[in-house]
Amino acid sequence: MKEGLEVVMVNPFFNQPYDLMSPDGMIETIVPREGGVYEAVVVFDDIPHYFKGFDCGKEHVMFNLRSSVGQVGVTSRLLDLDLVKGRLMGKARVELVGLTEPGRALLGLLGTGARIAKLFAACPERLVRDPEYLTRMYGKHDRNGSPLLSFNMDGDHVEPRIERTDGHVIAYLPVLPEVYRYDPEKISSFLPTLALSLMKEGVSVRSLLGLLMEVDEGQPACPNASEMILLKTHRWQLKTMFARVADYCLEENVFHTTASLHQPDTDGCCDIYGIYGEGEDEVRTIPHEFFTLEYYRESVYFSDRKLLQELSINPNAIKAAFERAELQAGEVAATFLVKGEQLLNLRKTHWIRSLFDPNPNFPKPPISRHDIPIMDASIAQTPLYPILQAIEDDIITSQGILLSTHFPSPYMKRFLLSERVRSCLRAIYFLYPSHRYGKFFSHDDRAFLMDLSNNAIDIFWVMTDEDKLLQYTPKKGKDCGLFLPPTQIGQFYDTTLLGVYGSVAVEGNFEEDLQYILEGLLEMRNHVNHPQLYPDKPLGLVTGGGPGAMCLGNRVAKKVGILSCGNVCDFSSSSHKNINKEEPNPYLDGLMTYRLDKLIERQAEFNLDLPIILTGGIGTDFEYSLEEVRMNTGSTNPRPIILVGTKEYWKAKITHRFQQNIASKTIRNAEWISNCFYQVETAGQALAVYYAYFTNTLRLGPFYEPIQDGFYSTKELMESKTLHPYPFYHGN
């Protein structure tokens, strides 16, 4: 980075821990009261600023005991809660009530520093209100193969009763018939270990408690005033929600301890319940309500986000999302979206952003092992990095789309093509192909485009100045492609491509004839059956995308309604005065861009099926020679190449060179290539050539004789009856 440039990496997403839950709270003071009740002050430090409890109202914040504390027979009553967002802390005054002998004994062992609870923000807007939100997760798994939601981890096909109560979902999980209790001797000797574990961060002994339980023979599943009972359900699991025991759906005067919250990061447990109170009937089910996680943690598939799918191909919606980023000069930014509402409500603060140095101290190829630490440090400064790292760390689990000011550097390939990122990332949207070169891709960029496409990651170029949204798509059977409107991708994939080569400086007067040719080919589809032309076969036209003859070709293509594309090169970066500076013409549906040093690759990636060559200079001569080389090497099959203009013009350009090559025997066995070039002066002549080709009567290829001038005169072929007029042509 340049000296004095500050990197601002504000990450509005990908929180750790969940935004509905605080870190563990520690006992500051604990004082015994009468009847096995203790009063404690519990302090919560370093609460993340995004904790919803700061904003949803204290009445919705729950003091949730650790499950190991609740399971031995402790519950709590929240007396007072003070949350201070400015200091990112909270303080709760609570009563801790021992419901059992082990519970009362544990309370006597607790002291300052014991981590006994978390705060949970039971935000009403996060309540699950539609039963389908639960049922759609049945049978689905996370990236590690764990069920997103399963109520029968034991293999018994027992599903809960799911109802809607007070506008949200309640699932009633059936309990097993046995009532459990602790072996008195074992639990008594274990309590000091439990109390000690509460003093250590990250230590859990909950699973050990199950080893101390035994069936309480003859005990009905009905709580009484003197003792808490332990009930079990089948082991169940949830990965994408919080679940909380809904006390208000239990029988009157029957309660669950305040260790009633199930977190979404536990595997195959959620099966022990401490019930107390004075009930008349046996407890048959445990009711649960559910709270959604942050959007990106829900493990939701892109196919389930109908609104996001619609908006993701809407140019206006995508453009507006970028505009709301309010980007400043020299700023780069990125964000990850998993829901349509996020895209519609995207704001400046929702982007991860940093300043970018256009000339960074970044290792240049070839990269040595000594350069890797420098490269990794530079990558870590990009706004993309925390997003991709959050996917790798399993913080982002939902599938979504990535919005970035710039197309990702190929140096990010190992991140973007990792298994976890590929499973989450459905599409990338960007404004600029390159930090340094604006709208022009490098060779490595184009190779990276193919890698992403081959891994089913869609790539979109957002052209805000032109109100265009273009999607990258490879050409069928090729290792390159173009950016096209999404509605035209299917058309391009299997399109027969014509191309116009010609002068950047001279447009010529061929527009009317070219229109007749294209319209004639569209009509010709109904009369031939050839792999490159048959009914409904899509046609497209590719040029260099610039002015002059290229502009003419693209204009005509748009006029007749076929794909109009361009391979645009950055000639503006040339320092030579003899180079005509090109700007892309306004008639392009799709395009690919190239930096000047990759001019040869640009020409090679035209991949034309039917080239048309107009009057042109050095560039046109090169393109003519390139088509010769393609057929000579077998990279393309023999096919007619149309030369538009007079016989005298093309004879002066081609004949001497061709005959000199024959005389010097430098094109031995390749002389036949001359029979693939057809000089035409009218649209009718061109269509006669194409009709003969598509009906397999054109004399071209290595089994036919070479042509002395280096090309055919179509007029002479027709006069000699060697070539017949296209019978359905009605033009001039």
| Has the range 138-152 got any residue that is within 21 Å of Ala259 (Cα to Cα), modelled with pLDDT of 90 or more and open to solvent by less than 30 Å² (accessible area, probe 1.4 Å)? | no
| query | Quick one: what pairs do we get from the range 677-697, first residue within 25 Å of Thr655 (Cβ to Cβ), second acidic (Asp, Glu) and surrounded by fewer than 24 Cβ atoms within 10 Å (Cβ to Cβ), C-beta under 6 Å, 6+ apart or different chains? | reply | Ala683/Asp513
| Of all residues in the range 44-75, how many are within 30 Å of Glu214 (Cα to Cα), assigned to a strand (DSSP E or B) and open to solvent by 10 Å² or more (accessible area, probe 1.4 Å)? | 1
| What tally of residues in the range 522-543 results from selecting those that are under 35 Å from the mean Cα position of the chain (by Cα) and loosely packed, with under 14 Cβ neighbours inside 10 Å? | 1
| query | Within the set of pairs 6+ apart or on separate chains, which have a first residue in the range 434-451 that is closer than 13 Å to Met412 by Cβ, a second that is in a helix (DSSP H, G or I), and C-beta atoms under 8 Å apart? | reply | Asp444/Pro410; Asp445/Pro410; Phe448/Pro410; Phe448/Lys413; Asp451/Lys413
| task | Run down Phe290, Phe302, Phe255 and say which single residue is among the hydrophobic types (A, V, I, L, M, F, W, C) and within 15 Å of Leu148 (Cα to Cα). | result | Phe290
| note | Per the list (1) closer than 23 Å to Tyr248 by Cα; (2) touching a Phe, Trp or Tyr at 6+ places or on another chain (Cβ under 9 Å), residue check on Leu148 breaks on (1)
| note | Considering residues that are open to solvent by less than 60 Å² (accessible area, probe 1.4 Å) and assigned to a helix (DSSP H, G or I), the number found within the range 378-422 is 15
| query | Pick from the range 217-238 the residues that are in contact (Cβ under 8 Å) with a residue 60 or more places away in the chain and open to solvent by 40 Å² or more (accessible area, probe 1.4 Å): which of them is nearest to Pro23 (Cα to Cα)? | reply | Arg235
| message | Tell me which helices (runs of 4 or more DSSP H) are completely within the range 582-694 and hold 3 or more residues being at pLDDT 95 or above, or say none if there are none. | response | 647-650, 656-663, 683-694
| Is it the case that the range 83-103 has a residue that's in a helix (DSSP H, G or I) and polar (S, T, N, Q)? | no
| field | Members of the range 14-29 found to be assigned to a loop (DSSP other than H, G, I, E, B), at negative phi and surrounded by fewer than 22 Cβ atoms within 10 Å (Cβ to Cβ), listed by number | value | Asn15, Gln16, Pro17, Asp19, Pro23, Asp24
| So Met89 clears everything in (1) touching a Gly at 6+ places or on another chain (Cβ under 9 Å); (2) surrounded by fewer than 21 Cβ atoms within 10 Å (Cβ to Cβ) except one condition, right? Which one? | (1)
| Is it the case that some residue within the range 716-723 is loosely packed, with under 15 Cβ neighbours inside 10 Å and closer than 21 Å to His530 by Cβ? | yes
| What pairs come up if the first residue lies in the range 258-274 and is at pLDDT below 90, the second is aromatic (Phe, Trp, Tyr), and their beta carbons are under 6 Å apart, counting only those six or more places apart or on different chains? | Cys270/Trp236
| field | Test: residue in the range 113-132 that is in a loop (DSSP other than H, G, I, E, B), of a type in the set (Val, Ile, Thr) and either under 24 Å from Leu65 (Cβ atoms) or open to solvent by 10 Å² or more (accessible area, probe 1.4 Å) (or both) | value | yes
| remark: Considering the range 484-500, residues that are touching a Ser or Thr at 6+ places or on another chain (Cβ under 8 Å) and in contact (Cβ under 8 Å) with a residue 40 or more places away in the chain, and then whichever is farthest from Gly545 (Cα to Cα), we arrive at Phe492
| remark: Residue hits (the range 426-468; crowded, with 21+ Cβ neighbours inside 10 Å, among the aromatic types (Phe, Trp, Tyr) and more than 23 Å from Ile387 (Cβ to Cβ)) are Phe440
| task | Go through (1) surrounded by fewer than 18 Cβ atoms within 10 Å (Cβ to Cβ); (2) at pLDDT 90 or above; (3) within 28 Å of Asp24 (Cβ to Cβ); (4) not aromatic (Phe, Trp, Tyr) and name the single condition Glu214 misses. | result | (3)
| note | Within the range 330-367, the residues that are in a loop (DSSP other than H, G, I, E, B), of a type outside the set (A, V, I, L, M), crowded, with 17+ Cβ neighbours inside 10 Å and at pLDDT 75 or above are Lys339, Trp351
| task | State whether the residues of the range 1-19 include one that is under 30 Å from Tyr276 (Cα atoms), touching a Leu at 6+ places or on another chain (Cβ under 8 Å) and modelled with pLDDT of 95 or more. | result | no
| query | Does at least one position in the range 160-171 carry a residue that is closer than 17 Å to Leu238 by Cα and of a type in the set (Gly, Ala, Ser)? | reply | yes
| query | Restricted to the range 293-329, and to residues that are part of a helix (DSSP H, G or I) and among the polar types (S, T, N, Q), which residue is most open to solvent (accessible area, probe 1.4 Å)? | reply | Asn316
| query | Does Asp247 satisfy the condition of being within 17 Å of Ile170 (Cα to Cα), modelled with pLDDT under 95 and not polar (S, T, N, Q)? | reply | yes
| message | Given the options Gly548, Gly566, name the one that is without any contact (Cβ under 8 Å) to a residue 60 or more places away in the chain, small (Gly, Ala, Ser) and surrounded by 24 or more Cβ atoms within 10 Å (Cβ to Cβ). | response | Gly566
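The values are calculated or read from the model by the stated rules, or taken from the named source; none is laboratory data. Source: prediction; values computed, not measured. Positions of Cβ are generated from backbone atoms using ideal geometry, with glycine treated the same way; all protein chains shown enter the neighbour counts. The area values use the complete protein model at the heavy-atom level, side chains included, leaving out ligands, DNA and RNA. Shrake-Rupley method; radii C 1.70, N 1.55, O 1.52, S 1.80 Å.
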